[in-house]
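Enquirer: This is the structure I want to talk about, given as structure tokens.
The values are calculated or read from the model by the stated rules, or taken from the named source; none is laboratory data. Keep in mind that what you see is a predicted model, and the values were worked out from it rather than measured. Please note: Cβ atoms are built from the backbone with ideal geometry, for glycine as well, and neighbour counts cover all protein chains shown. The area values use the complete protein model at the heavy-atom level, side chains included, leaving out ligands, DNA and RNA. Shrake-Rupley method; radii C 1.70, N 1.55, O 1.52, S 1.80 Å.
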Amino acid sequence: MMKGRKSLTVLQINDSHAYFDLHQEMFWQGGQAVYRPAGGYARIATIVKQIRAANQGRTLFCDCGDTLHGTYLAQKTHGEALIPILNALGLDAMTAHWEFAYGPDVFKQCAAKLSYPMLAINVYDQATKERVFPPFTVKEIGGLRIGLVGIASNIVDKTMPPSFSKGVFFTLGREELPSIINVLRTQEKVDLVVLISHLGFPQDMKLLSEVQGIDVCLSGHTHNRLYRPVLQGDTLIMQSGCHASFLGRLDLEVEGGRVADYRHELIEVEANIDADPAVADLVRQALAPDQEELSTVVGETATALNRATILESTMDNFLLQALLENTGAQLAFSNGWRYGAPIIPSDITMNDLYNIIPMNPPVSTVEITGQELLMMLEENIDRTLSRDPYLQMGGYLKRCLGLNAYFKIENPAGHRIQQLFVGNENVNPAHYYTAAFVTTQGVPQDLGRNRENRSDRIIEAMQAYLITHCLSAELRQTFTAV
């Protein structure tokens, strides 16, 4: 290192979705998807301890959120089961998204038990208009003053169930960010500004083209595996996969209040990494009470089930097939969730079912017109694939069975779908079709008639489906880009 330069290692996890321990992860190898075990907080702890020891205290470790939700145990305890484990990792700061699933009040109580700050410049109390969480914190590490700024996901009060945002509202953070940077630079006299964001990689790229003064952006939400950092102006951006299967590492050399040089590595949390004993013990304690129930075998699959593809996925086609069989409906819908570790050809356990949809919502039905179908799908395509990153407000495309849509991605909003079929018939705009779905993200509350929550929940429906079906390699094509 040159005289006058200071070094800093920035470590990142994002979108770990409460995957406590080893699980299957999907990797691309040429034209094939391959699967191998990865992840676990105890293995992350080992990697972080090794880096900290080698760096002699010059390490910053941040979490971009989607951490306290995504598996059975997280849902059951409203995130509480993760608190001792996360505190043991020694994180420096965090922001949020699915953490709001338990309601803002419950989330605030959970966040207060963390040994590091929850940061968000863009979450406000509706009554007082005050911020719910601190917008920034300052850390002194290795002779550097580092300003950490958090931006939570801004879609919570726009596309997610109303209970997630009860009493609070969300902005993009674009208007607030320049003044926060100014405070950090002029009043706090920081050497570096690090943005901890859960807006998504496309959104961060646009935001950082409009706002200068951020040295490093730790990006989350969109599950990108960035094997190289991306430069937007003078800002370095990294994002590090999901499911705690990866740890992002950025080694910086800082001189005169700017990044003079850097190196980056996307570290796979491989199964052969020795688990940190203390964190492994915390993980075992957390998982033990439900281990027997969750390990119960409920079926088998002859094909890999994954959720890592945008237009449709084998995992969600299984969920939707279970919905159709349970209800006898013509159509089935669910949200385009990104999280959910793959299931390889093998037995399917209760834990696998909860990983697919940990909320276990009721099976719901509705009658919806052809015109409403068209409007709903056009809106969903735009919220997923909009040219303007700020208008992208979802995960992947809505998951559907029973219909076929042929669409042009490049067309303007509202004009992408070329043809829409239910079965072999063109959709009739005035006709009502019966649809099964889960959560209002499957079919929005303002659409359709005779909406009903049935007595069965989706885990029960998937269990019942598996009693009579071994899942085959068939993939029904619903969305086709033409």
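Enquirer: Within region 348-379, take every residue that is touching a Lys or Arg at 6+ places or on another chain (Cβ under 6 Å) and part of a strand (DSSP E or B) and give me the one that is farthest from Leu22 (Cα to Cα). Full working, then the answer.
Expert: Within region 348-379, the subset touching a Lys or Arg at 6+ places or on another chain (Cβ under 6 Å) is 360, 362-363, 366-367.
Add one more test, that the residue is part of a strand (DSSP E or B), and what stays is 362-363, 366-367.
Numbers: Pro362: 29, Val363: 30, Val366: 39, Glu367: 42 Å.
Of everything passing the filter in region 348-379, Glu367 is farthest from Leu22 (Cα to Cα).
Enquirer: Would you say Leu266 is closer than 16 Å to Ile121 by Cβ and crowded, with 17+ Cβ neighbours inside 10 Å? Step through it out loud before you land on a result.
Expert: Values: closer than 16 Å to Ile121 by Cβ: no; crowded, with 17+ Cβ neighbours inside 10 Å: yes.
No; evaluated as a whole, the condition is false for this residue.
Enquirer: Right, another one. With respect to Arg249, determine if the residue is basic (Lys, Arg), free of Cβ contacts under 8 Å to residues at least 40 places away in the same chain and part of a strand (DSSP E or B).
Expert: no
Enquirer: Could you go through region 205-228 and let me know if any residue there is closer than 30 Å to Met26 by Cα, open to solvent by 60 Å² or more (accessible area, probe 1.4 Å), over 19 Å from the mean Cα position of the chain (by Cα) and at pLDDT 95 or above.
Expert: yes
Enquirer: So, one more: Answer yes or no as to whether Met376 is under 18 Å from Trp98 (Cα atoms) and of a type in the set (A, V, I, L, M, F, W, C). So that I can check it myself, show each step before the final result.
Expert: Working: under 18 Å from Trp98 (Cα atoms): no; of a type in the set (A, V, I, L, M, F, W, C): yes.
Against the criterion (under 18 Å from Trp98 (Cα atoms) and of a type in the set (A, V, I, L, M, F, W, C)), Met376 does not qualify.
Enquirer: Here is a follow-up. Quick check on this structure: which one of Thr9, Thr46 is touching an Asp or Glu at 6+ places or on another chain (Cβ under 6 Å) and either open to solvent by 10 Å² or more (accessible area, probe 1.4 Å) or on the phi > 0 side of the Ramachandran plot (or both)?
Expert: Every option except Thr46 fails the conditions.
Enquirer: Checking Asn335 against (1) of a type outside the set (D, E, K, R); (2) in contact with a Gly (Cβ under 9 Å, 6 or more places away or on another chain); (3) farther than 23 Å from Leu373 by Cα, which test does it fail?
Expert: Status for Asn335: all satisfied but (3).
Enquirer: Would you tally the residues in region 142-201 being among the β-branched types (Val, Ile, Thr), part of a loop (DSSP other than H, G, I, E, B) and either open to solvent by less than 20 Å² (accessible area, probe 1.4 Å) or within 20 Å of Asn380 (Cβ to Cβ) (or both)?
Expert: Result for region 142-201: 2.
Enquirer: Okay, moving on. Quick one: in region 275-320, which of the residues that are assigned to a strand (DSSP E or B) and open to solvent by 10 Å² or more (accessible area, probe 1.4 Å) is farthest from Arg383 (Cα to Cα)?
Expert: Filtering first and then ranking leaves Val297.
Enquirer: Only one residue in Phe61, Phe100 is open to solvent by less than 10 Å² (accessible area, probe 1.4 Å), among the hydrophobic types (A, V, I, L, M, F, W, C), touching a helix residue (DSSP H, G or I) at 6+ places or on another chain (Cβ under 9 Å) and closer than 24 Å to Gly143 by Cα, so which one is that?
Expert: Phe61
Enquirer: When region 102-144 is examined, which residues are found to be more than 23 Å from the chain's Cα centre (by Cα) and aliphatic (A, V, I, L, M)?
Expert: Ala127, Val138, Ile141, Leu144
Enquirer: Could you tell me whether Tyr124 is in contact (Cβ under 8 Å) with a residue 12 or more places away in the chain, assigned to a loop (DSSP other than H, G, I, E, B) and of a type in the set (Ser, Thr, Tyr)? Break it down stepwise before answering.
Expert: Working: in contact (Cβ under 8 Å) with a residue 12 or more places away in the chain: yes; assigned to a loop (DSSP other than H, G, I, E, B): no; of a type in the set (Ser, Thr, Tyr): yes.
Here the answer is no, as Tyr124 does not meet what is asked.
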